[in-house]
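K.L.:
Next up is a structure, given as structure tokens.
Quick note: the coordinates plus some simple rules give every number you see, no bench work behind them. Every value quoted in this text rests on a predicted model; they were computed, and no experiment measured them. Quick reminder, even Gly has a Cβ in these numbers, built from the backbone with ideal geometry, and neighbours come from all protein chains shown.
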Amino acid sequence: MLRSRLLLAVYVLLTTVSLLPIWWVRYQPLPDLSQHLAAASVLHNLSDPRFDLARYYELSLGLTPYWGYYGLVHLFAFPLGVETANRVVLSLYVAALPAGMGLLARRFARSPWLGLFTFPIVWNYNFTTGFIAFALGLAVLPWALVCFDRFCERATPGRAIAAVATGVAVFFVHLLPWGAWIGCAGLIGLLHRGQSLRAIAQRFLVWCAPTAIGVWVMLHGKGLNMGSVAQGITWRRYDAWSQVGQLFYWVWNNGSDFVVDLPVLVLVLVLLAAWGALKLSARRPVLTLHGLRAEACVLVALVAYLVLPRSVLSPGYWWGINIRFACIAAMFIALCVPGEIVGGRRFLLVPVVLVGLGFAALTTVRWVRANHFCAGYDELALQITPGSRVLFVLQEPWHSPEDRWHYVQTYYGIHQARFGGYMPYNFDEGFPLKYKVRYPAPTWRQMVFRWDRQARYYDYVLSFNHTGKSLFGAHLKEVTLVSSSGRWSLWKLPGPRIDQPPQPAYPSTWALQ
């Protein structure tokens, strides 16, 4: 009982500290998160005239993955608003992933203390990039495997319903964790004790249901290229062996280049040393197929990482397929320590706890620094007349010298989530929105303002790291500097604004040049 209370207390402590950056900072500097947040705002606030979104967008809903994130934000936004709802969803991810891995460790007859190794993995590459739907899928995955393993242990209607429901839930959060569920649950069903034909048949039927539902949605759904998969898929792969040396980077790399992040590297080396000590000091169990379920899950993730393509090219472009399985492999490797952790071996968990605290503290420091680097936006955003159309023009550097993520670019999505209006860079994959009109804007990477092409369609330009001369050139006398704060400047264009777009919304290649 004492050990159970201590375990719960440590999980609560690490969860609380890990939630600190989610709620401490004003804006989470996760690049793709702001785009998802903007889309969630369109979904939730489309009919609210204060946001003026219906002028620019219409909803495009259907059966597709990603409903897990958008549906939860939409639901929580009714009492809380979109921004707070997003924090709640991020908090669910942070809390659910380690807890689920601890429960899964217990199902595999491993110590639930091994779930502590997942707290550092919370801050994996996918989350810090802002692949939030995928991160939520990671959090649901261990819970779904727990339910399936329970069904394999004793097949009852209630356990079958729970296994099917959670397996389907993984799919509707994200496609790739669902793929991991297919492989892991399939091997769990084959390796689990009680391998009579009847037991295998029951497990197969329960495994088939989420698999078949996901396949059907991919063939007949709508949005995110669902329904067009049958037309054929093309992809780009990298050599499998070239991926081996990159495994660390795709778990914890805090940037798009392969530069060693020294503080993270130190924390990870301490974590690996603690895991290795636990592994080497563990008693060797009697080898059975049933006892290899954790290792089977590792095998699924590693094979996916080495074999799957890096990018899908058609029917739609989707980058980063195989690399996302690196953190899934790390999650399951943490469970590959057999037996209970008792006696003096419990002290080997102390550095694991410290590393978990260290990752949360490091993330908090970096997020606070990112907010300081972008300070001034809030002051200027409140000076924009409601209903105005704002063009963001962001000059590099898009991050502080100590960081590598381009988090300055997140502020356009943040602005739309807070105030509505038009943004040229919404994720446009047929879910949850489609453009009704478009207006010319700079490309996402170059951010070059062109007066003759863009000025007539906007009321304001909100610039970052620009002087008036570098931004407007010979037209500087035609604009009015409303205010400056930090690295930001707000400029009022002469107008009058033109609302008739120069070309139809689709195809959209003309809009960003």
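K.L.:
Send over the semi-axes of the range 1-93's equivalent ellipsoid, whole angstrom and largest first, taken as the square roots of 5 times the C-alpha gyration tensor eigenvalues.
P.N.:
Ellipsoid semi-axes (Å, largest first): 33, 14, 11.
K.L.:
Stick to the Cα atoms of the range 459-513, pair each with every other, and give me the Kirkwood hydrodynamic radius in Å at one decimal.
P.N.:
Taking the inverse mean of 1/r over all distinct Cα pairs, the range 459-513 comes out at 13.0 Å.
K.L.:
For the chain, what does -39500 (n - 2.57) per DSSP helix run (n ≥ 4), summed and divided by total residues, give at 222 nm, in deg cm²/dmol to the nearest 500?
P.N.:
-17000 deg cm²/dmol
K.L.:
Using DSSP to call loops (not H, G, I, E or B), can you name the trypsin sites (Lys or Arg not before Pro) in the range 271-338 whose Cβ has at most 15 other Cβ atoms within 10 angstrom?
P.N.:
In loop regions of the range 271-338 (DSSP not H, G, I, E or B), the sparsely surrounded trypsin sites (Lys or Arg not before Pro) are 283, 310.
K.L.:
Moving to a separate point now. For labels at residue 295 and residue 92 in the simple 7 Å Cα→Cβ model, what's the distance in nm?
P.N.:
Going from the residue 295 label point to the residue 92 one covers 3.6 nm.
K.L.:
Tell me, what are the semi-axes, in whole angstrom and largest first, of the equivalent ellipsoid of the range 404-513 as set by the roots of 5 times the Cα gyration tensor eigenvalues?
P.N.:
23, 18, 13
K.L.:
In the range 394-436, which residues have a backbone nitrogen under 16 Å from the label point lying 7 Å from residue 467's Cα in the Cα-to-Cβ direction?
P.N.:
In the range 394-436, the label zone of residue 467 (backbone N under 16 Å from the point 7 Å along Cα→Cβ) covers 395-397.
K.L.:
In addition: Work out the length of the dipole vector of the range 103-201 about its Cα centre, built from +1 on the beta-carbon of each Lys and Arg and -1 on the beta-carbon of each Asp and Glu, and round it to the nearest 20 debye.
P.N.:
With Lys and Arg at +1 and Asp and Glu at -1, about 340 debye.
K.L.:
How big is the range 335-424 by the Kirkwood estimate over distinct Cα pairs, in Å?
P.N.:
Every distinct Cα pair counted, the radius reaches 16.9 Å.
K.L.:
Kirkwood hydrodynamic radius of the range 48-96 from all distinct Cα pairs, in Å?
P.N.:
It is 12.3 Å.
K.L.:
Efficiency by 1/(1 + (r/R0)^6): what FRET value for residue 444 and residue 231, r their Cβ-Cβ distance, R0 = 35 Å, to the nearest 0.05?
P.N.:
After rounding, the FRET efficiency stands at 0.80.
K.L.:
Give a residue-ordered list of calculated ³J(HN,Hα) values for the range 497-513 (Karplus: 6.51 cos²θ - 1.76 cosθ + 1.60, θ = phi - 60°; whole Hz; x for Gly, Pro).
P.N.:
Here the 3J(HN,Hα) series is 5, 9, 9, 6, x, x, 8, x, 5, 10, x, 9, 4, 6, 6, 10, 9 Hz.
K.L.:
What order do you get for 20-31, 128-139, 261-272 when each peptide is scored by the mean count of other beta carbon atoms within 10 Å, highest first?
P.N.:
Packing proxy ranking, top to bottom: 128-139, 20-31, 261-272.
K.L.:
Go through 193-201, 36-44, 83-91 and give me the packing order, highest mean Cβ count within 10 Å leading.
P.N.:
Packing proxy ranking, top to bottom: 36-44, 83-91, 193-201.
K.L.:
Another question about this same structure. Using mean Cβ contacts within 10 Å as the protection proxy, how do 346-352, 431-437 order, highest first?
P.N.:
With the highest mean Cβ count within 10 Å placed first, the list reads 431-437, 346-352.
K.L.:
By what distance, in whole Å, do the Cα atoms of the chain stretch along each of the three principal axes, largest value first?
P.N.:
Result for the chain: principal-axis Cα extents of 81, 48, 47 Å.
K.L.:
Could you bin all the Cα-Cα distances of the range 206-287 into 5 Å bins starting at 0 and give me the percent of pairs in each, rounded to whole numbers?
P.N.:
With 5 Å bins starting at 0, P(r) equals 3, 10, 11, 11, 9, 11, 16, 12, 12, 5, 1.
K.L.:
To continue, here is another question. Could you name the lysines whose alpha carbon sits less than 26 Å from that of residue 469, not counting residues in the same chain fewer than 8 places away?
P.N.:
477, 492
K.L.:
Which lysines have a Cα less than 28 Å from the Cα of residue 434, not counting those fewer than 8 places away in the same chain?
P.N.:
Counting by Cα, and skipping residues close in sequence, residue 434 has these lysines nearby: 222.
K.L.:
By how many nm would the segment from residue 436 to residue 197 grow when fully extended, if each residue of separation counts as 0.36 nm and the alpha-carbon distance is taken off?
P.N.:
80.5 nm
K.L.:
Going 7 Å from the Cα of residue 212 along its beta-carbon direction, which residues of the range 147-182 have the amide nitrogen within less than 15 Å of the resulting point?
P.N.:
Counting backbone N atoms under 15 Å from the label point, the list is 161, 164-165, 168.
K.L.:
Label residue 20 and residue 484 with points 7 Å out from Cα along Cα→Cβ: what is the distance between them in nm?
P.N.:
3.6 nm
K.L.:
Given a Förster radius of 51 Å and the C-beta distance between residue 55 and residue 106 as r, what FRET efficiency does 1/(1 + (r/R0)^6) yield to the nearest 0.05?
P.N.:
Taking R0 as 51 Å, the efficiency between residue 55 and residue 106 is 0.45.
K.L.:
Label residue 6 and residue 368 with points 7 Å out from Cα along Cα→Cβ: what is the distance between them in nm?
P.N.:
For residue 6 paired with residue 368, the spin-label model returns 3.2 nm.
K.L.:
Above 12 angstrom, tally the Cα pairs of the range 306-359 and express them as a % of all pairs, no decimals.
P.N.:
77 percent
K.L.:
Can you work out D for the range 63-139 in µm² s⁻¹ from Stokes-Einstein, where Rh is the Kirkwood radius over C-alpha pairs, the temperature is 37 °C and the viscosity is 0.692 mPa s?
P.N.:
247 µm²/s
K.L.:
Further question: If amide hydrogens are placed 1.01 Å from N in the peptide plane, which non-local residues have theirs closer than 5 Å to the one on residue 221?
P.N.:
Those qualifying (amide H under 5 Å, at least 5 residues apart or on another chain) are 227.
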